[in-house]
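Colleague: Please see the structure below; I have some questions.
The values are calculated or read from the model by the stated rules, or taken from the named source; none is laboratory data. Just so you know, these numbers come straight off a predicted model, no measurement behind them. Please note: Cβ atoms are built from the backbone with ideal geometry, for glycine as well, and neighbour counts cover all protein chains shown. Only protein heavy atoms, including side chains, enter the accessible area calculation; ligands, DNA and RNA are left aside. Shrake-Rupley method; radii C 1.70, N 1.55, O 1.52, S 1.80 Å.
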Amino acid sequence: MEVVELRSDTFTTPTPEMRRAMADAEVGDDLWGEDPTAIALEGHCAALFGKEAGLFVPSGTMGNEASLKVLTRPGDGVIVESTAHLVLYERGGPGVISGVVLRMVDAPDGSMDPASVDRLIGSANEHTPRPALVWIENTHNARGGRVVALEDVRAVSRLARAAGMRIFMDGARIFNASVATETPVADYAAEVDALSFCFSKGLGAPVGSMVVGSSAFIEELRGVRQMLGGGMRQVGVLCAAARVAIDTGVERLVEDHANARRLADGFADALPGSVDPALVETNMVFVDVGNRNVEAVVEAMAAEGVRVASVGPSVFRAVTHRDVSAADVERAISAFVRTVRAQ
Ligand SMILES: Cc1ncc(COP(=O)(O)O)c(C=O)c1O
């Protein structure tokens, strides 16, 4: 049975074009600064985001953790949304690697309210962690792939800059935000000191992320990447796939977003109230099955070859990506219809 894989956009497998580019990649020792494919990709991404430099890193998590280390000192306070990847899914890295204190703000739609950020900054004194960094995740994964709109980024960025703080964007899915709002990625990048994004999610590459920022920041980041064991050698084989991902994967994200909206409509018809299609802005659909057993729903759908992931006591998520077609979406909706009828 063909599987419809909706657990995450990280499940994409490299396209034939990516595999060919990997086989043909010109390579060198990147730790000696001699991998031409890595150098070209870093330069290309820096220019695309309007920053001075870029650094290829093995994962989004390493990009985040290494950046956090460069941008803070132990004991500093980092203002961040309470369900950000940095808070929930990086194995306590901010405490262990950077020794920072996370000052959390709840934002059900992923966009931190400027007044709450301002309150945290304003309440700082000689007893509190030094407010050093504001962290924005865009799109926001755990809040359903919601976009943090440019004006919301600007409002928070203005406050942070006025307070002499730095601003970082975990833009693992920034291209989804960019395509959904028709906003160039450089406009988002202009509001922050540095930004990380992933090739290995909706863009479809097998491995890799990029951090962009000033030349001085990237130079320090290179040292921290080495400290964390992320220095790589003939990394051009990975950067070649990443280059294909960024060259061919961005424009087609509109299809993923349309597929996600169709999924949301289908799920909402099958189980009214389970999802609000108006909140589906990018490639994620969060479905609340109410008093049904979510694990049983996930299992029943898996038995039909449709894989979704439970992400809460009554919630599962379905994520569209390059390897999910419009026909797959219809199959997923039919499986959900039968599942809710049977339960
Ligand atoms: C918002 C966000 N940031 C960072 C990451 C980490 O990326 P990686 O899995 O490559 O470490 C993820 C992974 O899903 C994510 O959703």
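Colleague: Which one is nearest to the chain's Cα centre (by Cα), of the residues in segment 44-70 that are under 20 Å from residue 206 (Cα atoms) and part of a helix (DSSP H, G or I)? Outline the logic, then answer.
Modeller: Let us first name the residues in segment 44-70 that are under 20 Å from residue 206 (Cα atoms), namely 44-45, 54-64.
Adding the requirement that they be part of a helix (DSSP H, G or I) leaves 44-45, 60-64.
Numbers: 44: 20, 45: 16, 60: 8, 61: 10, 62: 13, 63: 11, 64: 10 Å.
Within segment 44-70, the match that is nearest to the chain's Cα centre (by Cα) is 60.
Colleague: Which residue is surrounded by the most Cβ atoms within 10 Å (Cβ to Cβ), if the candidates are limited to segment 285-296 and must be among the aliphatic types (A, V, I, L, M) and under 20 Å from residue 324 (Cα atoms)?
Modeller: 285
Colleague: Scanning for something charged (D, E, K, R), touching a residue at least 40 places away in the same chain (Cβ under 8 Å) and touching a helix residue (DSSP H, G or I) at 6+ places or on another chain (Cβ under 8 Å), does segment 132-149 turn up at least one residue?
Modeller: Checking segment 132-149: at least one residue is charged (D, E, K, R), touching a residue at least 40 places away in the same chain (Cβ under 8 Å) and touching a helix residue (DSSP H, G or I) at 6+ places or on another chain (Cβ under 8 Å).
Colleague: Looking only at residues in segment 84-95 that are out of contact with any strand residue (DSSP E or B) (no Cβ under 8 Å at 6 or more places or on another chain), within 14 Å of the ligand (Cβ to nearest atom) and part of a loop (DSSP other than H, G, I, E, B), which one is most open to solvent (accessible area, probe 1.4 Å)?
Modeller: 91
Colleague: Name the single residue, out of those in segment 96-110 being open to solvent by 20 Å² or more (accessible area, probe 1.4 Å) and farther than 11 Å from residue 68 by Cα, that is nearest to the chain's Cα centre (by Cα).
Modeller: Of the residues in segment 96-110, the ones open to solvent by 20 Å² or more (accessible area, probe 1.4 Å) are 96-97, 99, 101-104, 106, 108-109.
Of the ones still in play, those that are also farther than 11 Å from residue 68 by Cα are 96, 101-104, 106, 108-109.
Details: 96: 22, 101: 22, 102: 19, 103: 20, 104: 19, 106: 18, 108: 17, 109: 15 Å.
So, considering only residues that are open to solvent by 20 Å² or more (accessible area, probe 1.4 Å) and farther than 11 Å from residue 68 by Cα, the one nearest to the chain's Cα centre (by Cα) is 109.
Colleague: Please determine, by comparing only the residues of segment 163-194 that are among the hydrophobic types (A, V, I, L, M, F, W, C) and part of a loop (DSSP other than H, G, I, E, B), which one is farthest from the ligand (Cβ to nearest atom). Can you show your working first?
Modeller: Filtering segment 163-194 for residues among the hydrophobic types (A, V, I, L, M, F, W, C) gives 163, 165, 167-169, 172, 174-175, 177, 179-180, 185-186, 189-190, 192, 194.
Cutting the leftovers down to part of a loop (DSSP other than H, G, I, E, B) gives us 163, 165, 172, 190, 192.
Values: 163: 25, 165: 21, 172: 3, 190: 20, 192: 14 Å.
Here the answer is 163.
Colleague: Determine which member of the set 261, 243 is farther than 19 Å from residue 328 by Cα, open to solvent by 30 Å² or more (accessible area, probe 1.4 Å) and touching a residue at least 12 places away in the same chain (Cβ under 8 Å).
Modeller: It is 243.
Colleague: Residue by residue through segment 195-231, note down the ones that are free of Cβ contacts under 8 Å to residues at least 12 places away in the same chain and assigned to a loop (DSSP other than H, G, I, E, B).
Modeller: 229
Colleague: For segment 267-284, enumerate the residues that are open to solvent by 40 Å² or more (accessible area, probe 1.4 Å) and hydrophobic (A, V, I, L, M, F, W, C).
Modeller: Selection gives 278, 279.
Colleague: Let me ask something else about it. Between a first residue in segment 5-22 that is closer than 20 Å to residue 327 by Cα and a second residue that is part of a helix (DSSP H, G or I) and open to solvent by 50 Å² or more (accessible area, probe 1.4 Å), which pairs have beta carbons less than 6 Å apart while being 6 or more apart in sequence or on different chains?
Modeller: Going by the 6 Å Cβ cut-off, the qualifying pairs are 5/11.
Colleague: Please determine, by comparing only the residues of segment 305-343 that are over 23 Å from residue 258 (Cβ atoms) and of a type outside the set (Lys, Arg), which one is most open to solvent (accessible area, probe 1.4 Å).
Modeller: 313
Colleague: A further question follows. Condition check: assigned to a helix (DSSP H, G or I), within 17 Å of residue 169 (Cβ to Cβ) and either within 14 Å of the ligand (Cβ to nearest atom) or not charged (D, E, K, R) (or both). Does residue 41 satisfy that?
Modeller: Working: assigned to a helix (DSSP H, G or I): yes; within 17 Å of residue 169 (Cβ to Cβ): no; either within 14 Å of the ligand (Cβ to nearest atom) or not charged (D, E, K, R) (or both): yes.
So residue 41 fails the test.
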